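These notes concern the structure reproduced below.
The values are calculated or read from the model by the stated rules, or taken from the named source; none is laboratory data. What you see is a predicted model; the values in this text were computed from it and never measured. Note that each Cβ is placed from the backbone with ideal geometry, even for glycine, and that neighbours are counted across all protein chains shown.
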Amino acid sequence: MKKSFKRYLVSFFIGLVFLIVLYIAIMNNVKNPEVKFLPYYTFRTLLRITVTLVVSVVFGVSFGILVSMSKKASMIITPTFNIMQSIPILGYFPAVIILFISFFPGILGMELASVFLLFTSMVWAIFFGVVGAIKSIPLNIIDAAKAFNIKGFKFITNIIIPAIIPALISGSILAWCDGWFFMIAAESITYAGETHNLPGLGSFLAKSAYANDTNLAILILVLITAIVLFINHFTWHRLMEKVSSTGYMPLFRLGMFDLKNEKKVVRRNFKLHFKFRQKVLSESKYRGYSLKQKIIAVAIVVLIFLVVLYTIYKGMLDLRIIKKSLFVPEAANIPIFTFFTLSRLTIAYMISLGFAIFMGVLAAEHKKFATFFYPIYDIGQAIPILALFPILFVYLSKIFGGTLGLEITGIVMLVMDMIWYMFLNVVAAVKSIPEETREVSKIFGFKGIKRIRHIILPAILPALITGSLLSWGTGWNTIIFSEYMPQQGGDLHVNGLGYLLSIEGYKKGNTIMLVFILFIISTIIILMEKFIWDKLLSKTKKYELEA
Amino acid sequence: MALLEVKDVTKSFINDNKRIYVIDDIDFKVDKDEFLAIVGPSGCGKSTLLRIIGGLERPDMGEVLFHGKPVLAPTQEITMIFQQFGLLPWKTVLENVELPLEIHGIDKKTRRERALRFIKDVELEDFKGAYPYELSGGMKQRVGIARALALQPEILLMDEPFSSLDALTAESLRKEVLDIWADKINVTDTFIMVTHSIDEAVFMADRVIVVSCRPGRIIADVKIDIPRPRYGHQRSKKFYGYVDKIKAMITKKNNNHSSK
């Protein structure tokens, strides 16, 4: 047996033993009757995410290949998927639940709804990653394939599948982490005013937090983080390391385990992670769709929503019902609620932006500083931030009282969520400032403010913008989740679109209103992309440094 | 009848609403057993011409006749080696050579035997299980050669086959290719090579077709009358006579072009 493989097995078992000890410790010391189900909950959650990952991979790969092989399919599918991925997932969740439950009453419907929600959060990275990977198959390989008549099915098995494996693994890691992020929302399903918990770690965490058992909630959070870290290190990192070290090293055939330099692995994965994100982003966003394509895409998305509504209202969808659903007293609040929600996002964004720039400059000036953040990235990636929400609220509401506490919790959550993308993008950009550029600034004596203004800021600007785009995207999900807090002694809320969405969607089952709010949010997101981020990004294209 | 006839082939593309002729009315014949080189400045449609001959691209006008029949798609009889090798990174040397044979429906046993024979011919038998990333540039190109020859084509097309290699590797590989060409046991005995190196063309080819740039037209068809093997002649006056003559033609053409 290879030495490196032995080392892998040893660390694997140490990790496993650590996890088991953690389980036993929690199960023996926490006085909650449900705690004995912890292994079962873990199994259910793992199963749920794994099943969804498999579905996402199958879907992402088949549609990715379809889009790459057929121009016609690509004309329609890619822009449609792009719009769909812009819609905050948590927004359409209530509609999905109603839809699935109307077809599959009871637990099966909820389980399916939960898988579907996770699916919509996981599939995009895989799909766009696959499309990007197929596009970047070197021309000489395509030519060789043509010259030797490798086409059709043989082309897929011999050229496409092996070429997308690295992207598939990168995409699966992103999807996997996104899955854990949304799991807390996906396992606690409120329908017609009643909350149903699917057995799992996410719902257990939510339940204990809402029941004010913060200690247990924190323990579960630690457990989740440990599980995610364990799986990341012993499967994903290994796989990624294998496919990335030489570009296309065939999986499994060569000794696939080498833990000799875990730090190096984390560092390299960090870089790959960002390269991959950029690729997914450029594949999904900056494709320059034609007007016709955009219209078709919007029409398809609208059609999907209409079909969903039609099914939910069992064919009773007529103007009278639409009118009745839209002209509810709360509708008058929409403009002001939009303003509140946008303000929250803007405040959180500004804080994140300032912090990210500060950190970026610091990281650029002190190389060691950046290295220090790899472990933070590693662990941070594993923490499902949404899960912090109820825990944080318990503490902050004790200090600030209910509503103000919720307000502050929401913004803190948003900052934690948004800063992540901003900051990581900036660190990645700083890392890729060429040594030559640094030396130029040294030789010509740029120092202090001048150095920051002329060298560092321009270098991190594109990353800041991409980071902004990503952070607003995830921000919308977080805010929908965090404006409303179901509680035993009366629910709490702060005014905003997220609150309205929860009330109309979960409590009243007013799906038409829900779709309308969702439409407003998506419009804001798409307009912001078009008129802010795209504009800024095309302006900064010239700054982009060749890494 | 010539083995291959390129008849009035024209290919253009549109850039900024202007039609640019990459290849304009190119017309030549290649005989069996011939080693033909197509020389011209980089980025002037030589590779496009080769791709048209190989059936990878279709011309706007004109046609390519092989044994008198038009070439419409890549065939087993005309294969190609590439500047960037075009090896599949996820397949071993042996698998890379075997794949085209499999595609052309050759049974498992025969294709294994034949792949091994050609891998041995290019002296890579010790590396048959290696992946492309483990090979040097020269070795990769030899895999490319083995892969193309294993199909036992009548014509081998070479697109700047030595341009991605360092000078010493290129030198020795040129000799290997010449040996393969001269080897009469081999089925493949007609070679067409595109290159921007005049020395290389004069050293290797029986005939050099000189192509101009934008539009790509034939400006000369030079028969190289130096006895083979030519290793001893590379410093000779005659050799440099050909090189200088071709160089002068290309330079003159380019100067005319830029003064217009």
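Which of the following residues is among the charged types (D, E, K, R), crowded, with 17+ Cβ neighbours inside 10 Å and within 17 Å of the chain's Cα centre (by Cα): B:R111, B:R142?
On the way: B:R111 fails: within 17 Å of the chain's Cα centre (by Cα).
So the residue among B:R111, B:R142 that is among the charged types (D, E, K, R), crowded, with 17+ Cβ neighbours inside 10 Å and within 17 Å of the chain's Cα centre (by Cα) is B:R142.
Hey, can you tell me all the residues within region B:145-160 that are over 14 Å from B:E125 (Cα atoms), within 12 Å of another protein chain (Cβ to nearest Cβ) and either assigned to a helix (DSSP H, G or I) or among the charged types (D, E, K, R) (or both)?
Hits for region B:145-160 are B:A148, B:A150, B:D159, B:E160.
Quick one: would you say B:I218 is buried (at least 17 other Cβ atoms within 10 Å of the Cβ) and at negative phi? Give the steps one after another, and end with the answer.
Working: buried (at least 17 other Cβ atoms within 10 Å of the Cβ): yes; at negative phi: yes.
Spelling it out, B:I218 is indeed buried (at least 17 other Cβ atoms within 10 Å of the Cβ) and at negative phi.
Listed residues B:T110, B:T92; which is over 30 Å from B:I20 (Cα atoms), among the hydroxyl-bearing types (S, T, Y) and without any contact (Cβ under 8 Å) to a residue 12 or more places away in the chain?
Values: B:T92 fails: without any contact (Cβ under 8 Å) to a residue 12 or more places away in the chain.
The conditions single out B:T110.
Conditions (1) part of a helix (DSSP H, G or I); (2) over 19 Å from A:A133 (Cβ atoms); (3) assigned by TED's automatic domain parsing to the domain that holds A:K530; (4) more than 19 Å from the chain's Cα centre (by Cα), marked per residue:
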residue: A:F43; (1), (2), (3), (4): yes, yes, no, yes
residue: A:L53; (1), (2), (3), (4): yes, no, no, no
residue: A:V57; (1), (2), (3), (4): yes, no, no, no
residue: A:F63; (1), (2), (3), (4): yes, no, no, yes
residue: A:S68; (1), (2), (3), (4): yes, no, no, yes
residue: A:S74; (1), (2), (3), (4): yes, no, no, yes
residue: A:I77; (1), (2), (3), (4): yes, no, no, yes
residue: A:F81; (1), (2), (3), (4): yes, no, no, no
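Looking at B:I26, B:I14, can you tell me which residue is crowded, with 20+ Cβ neighbours inside 10 Å and over 19 Å from A:I159 (Cβ atoms)? Show your work before the answer.
Working: B:I14 fails: crowded, with 20+ Cβ neighbours inside 10 Å.
Sole residue among the options that is crowded, with 20+ Cβ neighbours inside 10 Å and over 19 Å from A:I159 (Cβ atoms): B:I26.
For residues in region A:432-458 being out of contact with any helix residue (DSSP H, G or I) (no Cβ under 6 Å at 6 or more places or on another chain) and in contact (Cβ under 8 Å) with a residue 24 or more places away in the chain, which is farthest from A:K279 (Cα to Cα)?
A:T437
Answer yes or no: is there a residue in region A:106-122 that is closer than 24 Å to A:I184 by Cα and either assigned to a loop (DSSP other than H, G, I, E, B) or within 14 Å of chain B (Cβ to nearest Cβ) (or both). If you could, list the steps in order and put the result at the bottom.
Of the residues in region A:106-122, the ones closer than 24 Å to A:I184 by Cα are A:106-122.
Next, from what is left, pick out any that are either assigned to a loop (DSSP other than H, G, I, E, B) or within 14 Å of chain B (Cβ to nearest Cβ) (or both): A:106.
Yes, region A:106-122 contains a residue that is closer than 24 Å to A:I184 by Cα and either assigned to a loop (DSSP other than H, G, I, E, B) or within 14 Å of chain B (Cβ to nearest Cβ) (or both).
Taking region A:508-518 as the search range and keeping residues that are touching a Pro at 6+ places or on another chain (Cβ under 9 Å) and in a helix (DSSP H, G or I), which one is modelled with the highest pLDDT?
Here the answer is A:L518.
Where the second residue is of a type in the set (F, W, Y) and the first is assigned to a helix (DSSP H, G or I) and lies in region B:191-202, which pairs have Cβ atoms under 6 Å and are six or more apart or on separate chains?
As it stands, the answer is B:V202/B:Y242, since those pairs meet every condition given.
Across region A:30-41, what is the number of residues that are part of a helix (DSSP H, G or I) and either over 16 Å from A:A185 (Cα atoms) or without any contact (Cβ under 8 Å) to a residue 12 or more places away in the chain (or both)? If you could, list the steps in order and put the result at the bottom.
Let us first name the residues in region A:30-41 that are part of a helix (DSSP H, G or I), namely A:33-41.
Next, from what is left, pick out any that are either over 16 Å from A:A185 (Cα atoms) or without any contact (Cβ under 8 Å) to a residue 12 or more places away in the chain (or both): A:33-40.
Counting residues in region A:30-41 that are part of a helix (DSSP H, G or I) and either over 16 Å from A:A185 (Cα atoms) or without any contact (Cβ under 8 Å) to a residue 12 or more places away in the chain (or both) gives 8.
Give the residue that is nearest to the other protein chains (Cβ to nearest Cβ), with candidates limited to residues of region B:89-124 that are closer than 11 Å to B:L151 by Cβ and of a type in the set (K, R).
For region B:89-124, the residue satisfying everything is B:R111.
Which numbered condition trips up A:Y23, out of (1) more than 13 Å from A:L223 (Cα to Cα); (2) in contact with a Pro (Cβ under 8 Å, 6 or more places away or on another chain)?
It fails just one condition, (1).
Inspect all residues belonging to region B:186-206 and state whether any of them is at pLDDT below 90, crowded, with 19+ Cβ neighbours inside 10 Å and under 24 Å from B:I20 (Cα atoms).
no
Out of the residues in region B:41-78 that are away from every other protein chain (no Cβ under 14 Å) and assigned to a helix (DSSP H, G or I), state the one that is surrounded by the fewest Cβ atoms within 10 Å (Cβ to Cβ).
Across region B:41-78, the extreme among qualifying residues is B:K46.
Being under 29 Å from A:A133 (Cβ atoms), assigned by TED's automatic domain parsing to the domain that holds A:M84, of a type outside the set (S, T, N, Q) and without any contact (Cβ under 8 Å) to a residue 24 or more places away in the chain narrows it down to one of A:K292, A:K279, so name that one. Outline the logic, then answer.
Working: A:K279 fails: without any contact (Cβ under 8 Å) to a residue 24 or more places away in the chain.
Being under 29 Å from A:A133 (Cβ atoms), assigned by TED's automatic domain parsing to the domain that holds A:M84, of a type outside the set (S, T, N, Q) and without any contact (Cβ under 8 Å) to a residue 24 or more places away in the chain holds for just one of A:K292, A:K279, which is A:K292.
Please determine, by comparing only the residues of region A:146-164 that are more than 8 Å from chain B (Cβ to nearest Cβ) and part of a helix (DSSP H, G or I), which one is surrounded by the fewest Cβ atoms within 10 Å (Cβ to Cβ).
Going residue by residue through region A:146-164, those that are more than 8 Å from chain B (Cβ to nearest Cβ) are A:151-153, A:155-157, A:160-161, A:164.
Going one step further and asking which of them are part of a helix (DSSP H, G or I), we end up with A:153, A:155-157, A:160-161, A:164.
Details: A:F153: 8, A:F155: 18, A:I156: 15, A:T157: 11, A:I160: 19, A:I161: 14, A:I164: 24.
So the residue we want is A:F153.
Test of understanding: among B:F82, B:F35, which residue is within 14 Å of chain A (Cβ to nearest Cβ), in contact (Cβ under 8 Å) with a residue 60 or more places away in the chain and crowded, with 16+ Cβ neighbours inside 10 Å? Reasoning before the result, please.
Numbers: B:F35 fails: within 14 Å of chain A (Cβ to nearest Cβ).
One residue alone meets the criteria, B:F82.
Look through A:E483, A:E504 and report the one residue that is crowded, with 18+ Cβ neighbours inside 10 Å, touching a residue at least 40 places away in the same chain (Cβ under 8 Å) and touching a Phe, Trp or Tyr at 6+ places or on another chain (Cβ under 6 Å). Spell out how you get there, then give the answer.
Numbers: A:E504 fails: touching a Phe, Trp or Tyr at 6+ places or on another chain (Cβ under 6 Å).
Checking each option against the conditions leaves just A:E483.
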